[in-house]
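In what follows, a single structure is set out as structure tokens and then discussed.
The values are calculated or read from the model by the stated rules, or taken from the named source; none is laboratory data. Remember, predicted model here, so these are calculated numbers, not experimental data. With ideal geometry, Cβ positions are generated from the backbone for all residues, glycine too; neighbour counts draw on all protein chains shown.
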Amino acid sequence: MARTKAVLGTGARLADYLSASLLARVVPAEVVHDVLNAHGRNSQRVRSFPAVVGVYYCIALSLYPEAAYEEVLPL
């Protein structure tokens with residue numbers, strides 16, 4: 001079954017539709033931690049950009065490849 005490409009409406013911001021909490025509902029943080037631990041890539045220290053956030057960022061980038069990086073994760 002073919003899928004249609006996700007696009008934003010005119011004047012819409014990605015942050016209006018997508019949030020880390022929404023992604024966390026689909027892929028729980030515990031699952032992300034388990035995968036990162038299994039591959040030895042989880043954060044060792046407390047950082048401002050932990051590994052789990054990086055995973056959610058990559059998921060969001062793959063959902064909207066045309067969006068600017070800053071639009072996907074506004075800091």
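Structure above, values below:
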| read-out | value |
| --- | --- |
| Total residues in region 39-72, condition in contact (Cβ under 8 Å) with a residue 12 or more places away in the chain and either within 18 Å of P28 (Cα to Cα) or out of contact with any helix residue (DSSP H, G or I) (no Cβ under 8 Å at 6 or more places or on another chain) (or both) | 10 |
| Within the chain, helices (runs of 4 or more DSSP H) holding 1 or more residues that are at pLDDT 90 or above | 20-26, 29-38, 51-63 |
